[in-house]
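J.: The following block contains the structure, expressed as structure tokens.
The values are calculated or read from the model by the stated rules, or taken from the named source; none is laboratory data. Given the structure is predicted, the values throughout are model-derived calculations rather than measurements. Neighbour counts run over all protein chains shown; Cβ positions are idealised from the backbone, glycine included.
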Amino acid sequence: MILFSAYFLSYLIAYSSGYILQLIMNYNLAIIGGSGVGKSIFIHRHKSGEFIKHHILTTEKIQTNITFHTTHGIAEVHIHEIPDTTNSEQIMALMDHMDAVIIMFDVTSMSSCLTAIDLTKLISKKCYIVVCGNKCDIPQRKVMAKDITRNLFFIVQKIKYYDISARSNYNFEKPFLVCLQHCISPDLAFIEAPPIIPAVRDIEILQDISPE
């Protein structure tokens, strides 16, 4: 499950032509799901672009940051990976500090799907939720999209569900995009990071020390 808690900061980012005001938006986002559903690999894929084939066992809460460049400014997402899905009191306490949650399960595992449904029931009134079924490109699929949406409909009609695959990048950005659209603006879109332009003064210094 991924959790968000929003606060806003403004930074001055230097460019060669001067200073441009950039809004840095900070959010806390939690990713929660049972063991082996692909939470750590999904996060690592976003941070490095690399797909790790072996299972990364997470035994305690992990925090990391991912920066997204959007049409509404820069979003700094503080991700809280929650491996323990059994401690409901701890989960509910964390929800007070989060802006959104990604609940993840493995579509080849019915038990992980049931865990995701239970988590959705637990926190649906506390925080914005996006539910994701990972490994949708694997032939041994046991949970269909219609099965999860049918169950979620009776919990909260506005909860969004997406099939995703950390391996093939299918719907790869959807969970983060939808969460940020909820937190910032429905028309938000991701854009490429702007190139870093060297400051003029650095070029001038290099010219000063160049041999004649």
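J.: Just name the residue that is modelled with the lowest pLDDT out of those in segment 152-168 that are closer than 16 Å to F105 by Cα and of a type outside the set (D, E, K, R). First the steps, then the outcome.
T.: Initially, segment 152-168 is screened for residues closer than 16 Å to F105 by Cα, giving 152, 159-167.
Going one step further and asking which of them are of a type outside the set (D, E, K, R), we end up with 152, 159, 161-162, 164-166.
Working: L152: 74, I159: 86, Y161: 92, Y162: 94, I164: 94, S165: 91, A166: 84.
Looking at residues that are closer than 16 Å to F105 by Cα and of a type outside the set (D, E, K, R), I get L152.
J.: Considering only residues that are exposed (fewer than 14 other Cβ atoms within 10 Å of the Cβ) and in contact with a helix residue (DSSP H, G or I) (Cβ under 9 Å, 6 or more places away or on another chain), which ones fall in segment 157-172? Step through it out loud before you land on a result.
T.: Taking segment 157-172 as the starting set, the residues that turn out to be exposed (fewer than 14 other Cβ atoms within 10 Å of the Cβ) are 157-158, 168-169.
N169, the sole residue that qualifies.
J.: Any residue at all in segment 115-125 that is out of contact with any Leu (no Cβ under 6 Å at 6 or more places or on another chain) and part of a loop (DSSP other than H, G, I, E, B)?
T.: Within segment 115-125, the first condition is being out of contact with any Leu (no Cβ under 6 Å at 6 or more places or on another chain), and the residues that meet it are 115-125.
When the remaining residues are screened for being part of a loop (DSSP other than H, G, I, E, B), the result is 124-125.
Yes, segment 115-125 has at least one match.
J.: Would you please list the contacts, defined by Cβ atoms under 7 Å and residues six or more apart or on different chains, that run from a residue in segment 11-34 that is surrounded by 12 or more Cβ atoms within 10 Å (Cβ to Cβ) to a residue that is of a type in the set (S, T, N, Q) and modelled with pLDDT of 90 or more?
T.: Partner pairs satisfying both residue conditions: G33/S112; G34/S112; G34/T115.
J.: Another question, if that's okay. Would it be correct to say that Y162 is within 18 Å of the chain's Cα centre (by Cα), assigned to a strand (DSSP E or B) and not hydrophobic (A, V, I, L, M, F, W, C)? Full working, then the answer.
T.: Details: within 18 Å of the chain's Cα centre (by Cα): yes; assigned to a strand (DSSP E or B): yes; not hydrophobic (A, V, I, L, M, F, W, C): yes.
For Y162, the condition - within 18 Å of the chain's Cα centre (by Cα), assigned to a strand (DSSP E or B) and not hydrophobic (A, V, I, L, M, F, W, C) - is met.
J.: Can you name the condition, by its number, that K146 falls short on among (1) out of contact with any helix residue (DSSP H, G or I) (no Cβ under 8 Å at 6 or more places or on another chain); (2) more than 20 Å from S35 (Cβ to Cβ); (3) surrounded by 14 or more Cβ atoms within 10 Å (Cβ to Cβ)?
T.: Of everything listed in (1) out of contact with any helix residue (DSSP H, G or I) (no Cβ under 8 Å at 6 or more places or on another chain); (2) more than 20 Å from S35 (Cβ to Cβ); (3) surrounded by 14 or more Cβ atoms within 10 Å (Cβ to Cβ), K146 misses just condition (3).
J.: Based on what the data block shows, is D147 acidic (D, E) and assigned to a loop (DSSP other than H, G, I, E, B)?
T.: no
J.: Continuing with this model, one more query. List pairs: first in segment 95-118 and more than 24 Å from Y27 (Cα to Cα), second in a helix (DSSP H, G or I), Cβ under 7 Å, 6+ apart or cross-chain?
T.: Listed by first residue and then by second, the contacts come to D106/S112; C113/I148; I117/N151.
J.: Could you check segment 136-159 and list, in sequence order, the residues that are of a type outside the set (A, V, I, L, M, F, W, C) and either over 21 Å from the mean Cα position of the chain (by Cα) or under 13 Å from A116 (Cβ atoms) (or both)? Before you say what the answer is, go through the steps one by one.
T.: If we filter segment 136-159 for residues that are of a type outside the set (A, V, I, L, M, F, W, C), which is where we start, we get 137, 139-142, 146-147, 149-151, 157-158.
Residues satisfying the conditions are P139, Q140, R141, K142, K146, D147, T149, R150, N151, Q157.
J.: Filtering segment 107-121 down to residues that are crowded, with 22+ Cβ neighbours inside 10 Å and among the aliphatic types (A, V, I, L, M), which residue is farthest from the chain's Cα centre (by Cα)?
T.: V107
J.: Something else about it: Looking only at segment 122-143, filter to residues that are among the basic types (K, R) and surrounded by 14 or more Cβ atoms within 10 Å (Cβ to Cβ); which one of those is modelled with the lowest pLDDT?
T.: Taking segment 122-143 as the starting set, the residues that turn out to be among the basic types (K, R) are 125-126, 135, 141-142.
Add one more test, that the residue is surrounded by 14 or more Cβ atoms within 10 Å (Cβ to Cβ), and what stays is 126, 135, 141-142.
Details: K126: 89, K135: 93, R141: 92, K142: 93.
Filtering segment 122-143 for residues that are among the basic types (K, R) and surrounded by 14 or more Cβ atoms within 10 Å (Cβ to Cβ), the one modelled with the lowest pLDDT comes out as K126.
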